Amino acid sequence: MKRFVLVLASGLIGVSLWAQKSEEELLNDPIFCQEQHNLYDQEAVIQSDYFKKASPEEQQAILEAHFDAQKTWGHIYQLKAMLLPLLGAGAAVYFKKNISKMISCFLGAGATLFLTHSGVWNDMYDAIRALMLISKNFMPGRRNVSLGTLSWYERDYIRHKPWISQDQQVIIETKLRRAHCPGAYWEGTEILRFFDVLHQIPTTIKPLDIDHELLKKLLKGYAPETRRELLRYCVRHAAASTSQSVRKIAAYFVGQPGTGKTRAATLLAQALGVPLKIFSVGDVTVDDLIGTRDTPGKILEALTDASYNGEKCKNILMLLDDADRIFLAGDERLAFLLTLLESETKSFYSPYLGFNVDISHVGIILAGNFDVKDDALKNRLHIIQFNGFSKAYKKEVVLNELLPSVLELHQHAALALHRDDLLPKDSESIGILVDQDLDPGFRSIKLKLTQYIEDKVLQKYFYRELFDYGVSNLSEDTIRTRKEKLTHQA
């Protein structure tokens, strides 16, 4: 008896080690592809009285417990293929003194197994795997499945299934069953990417509370008309985020490059406390925007990637830069934009997920350099004109923001330049640069400021080389004047 038990245990251990795979591969059990066992059938639980009376947290716990029970019973169901040979082996041990009875038991068990199942060895192998999975289910720490595993996504779906639409349930369960089928590889496949994207879609709506003082401070420097329209859009977006009756309308920031369009969108997002996602649409196709069966698309990626202080919410701001290129092209992308920007549009169809994605609380901002000519598009847009910043504000930003950032690049360089190396006269010179700059934004002045600081580096480290260059071709008065000037600047 001891020898038989030892041989049987050794055989099971050997098969287990031989069949040992990663946890994810073990979870891909083919039994859940069988129609007679529906792992995700929770209707009876959802309709029960104790479920309806439970709190949302308790409901999620009930659904997860039901999922674990379904999975365990599914593995036990798979073990039926092992029951007959185990009974035959037990009978053989019990009747070991009677050879004829032992042979009869073996033959009976083998004949029954052969008649009731095809593919005996496959059944045995699946049964052993089921036994291993049951043991894993009850191991300490078994429930702590890491994010990104099949079991984690299954439990996440089960917790939220009652609040997911029917068409989405069908698509998600089809994906999960496909992952369980024989030959499916979970890690590194499109199924994993599908659930990664699905899980990242925000589900909560954040109550917006405009930070008035921060907004006033951030919008400082814009022209009065621009400030008023930005504040109006901010108020409208906040109202539309809490009420479906308010007509939502997208904004179009129009102005020359560098006039603060992207900066304004960033400031609005900070004042509202919502995520902001920026991407260019100048050279994209409709498929690039909404995605395909194999790619999520820019809009869905923006929804899943955007976060504010690590928090995700539905009411994000989405800045579509270079949108005027679509206006000028007038192709199918313009038709898509007209539909997307319609105030009644609450969702868009994602070919990648296979169902509609809610965008009812997304604030869409277009940005471009040219005015809108299309009347239908004008009716859908809150147009805000950006004409640049005042000279006084530009000086303030250049001296307090741009200059420190440019100096930071040179403080730790081999040819270091520090704030102490600048003289009071340098502030006056930089102010003159701002006065002479014709660019309404900051791009041109930032380049000129960078060149000015580089000249200061040259004066600090290459004074003699600068002075000696071309001296033989200058008059004595010019040399004297140049030397005095360089000495004063250095």
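Residue-by-condition table, conditions (1) at pLDDT 90 or above; (2) farther than 30 Å from LEU192 by Cα; (3) not in a helix (DSSP H, G or I):
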site	(1), (2), (3)
LEU337	yes, yes, no
GLU342	no, yes, yes
TYR349	yes, no, yes
LEU353	yes, no, yes
GLN385	yes, yes, yes
Restricting the range 323-350 to residues that are touching a residue at least 12 places away in the same chain (Cβ under 8 Å) and among the hydroxyl-bearing types (Ser, Thr, Tyr), the one farthest from LYS298 (Cα to Cα) turns out to be SER343
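Quick check on ILE134: is it among the hydrophobic types (A, V, I, L, M, F, W, C), in a helix (DSSP H, G or I) and at pLDDT below 75? First the steps, then the outcome.
Working: among the hydrophobic types (A, V, I, L, M, F, W, C): yes; in a helix (DSSP H, G or I): yes; at pLDDT below 75: yes.
Considered against the rule, which asks whether it is among the hydrophobic types (A, V, I, L, M, F, W, C), in a helix (DSSP H, G or I) and at pLDDT below 75, ILE134 comes out as yes.
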Cβ-Cβ below 6 Å, separation at least six or inter-chain, first residue in the range 405-433 and in contact (Cβ under 8 Å) with a residue 12 or more places away in the chain and surrounded by 13 or more Cβ atoms within 10 Å (Cβ to Cβ), second among the hydrophobic types (A, V, I, L, M, F, W, C) and in a loop (DSSP other than H, G, I, E, B): which pairs? HIS410/LEU417
Options THR304, THR285; residue that is closer than 24 Å to ILE191 by Cα, modelled with pLDDT of 90 or more and not acidic (Asp, Glu): THR304
Identify all residues within the range 181-202 that are modelled with pLDDT under 85 and assigned to a loop (DSSP other than H, G, I, E, B); write none if there are none. CYS181, PRO182, GLY183, ALA184, TYR185, TRP186, GLU187, GLY188, THR189
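The values are calculated or read from the model by the stated rules, or taken from the named source; none is laboratory data. Just so we're clear, the structure is a prediction, and the values are computed from it rather than from any experiment. Virtual Cβ from ideal backbone geometry, glycine too; neighbours counted across all protein chains shown.
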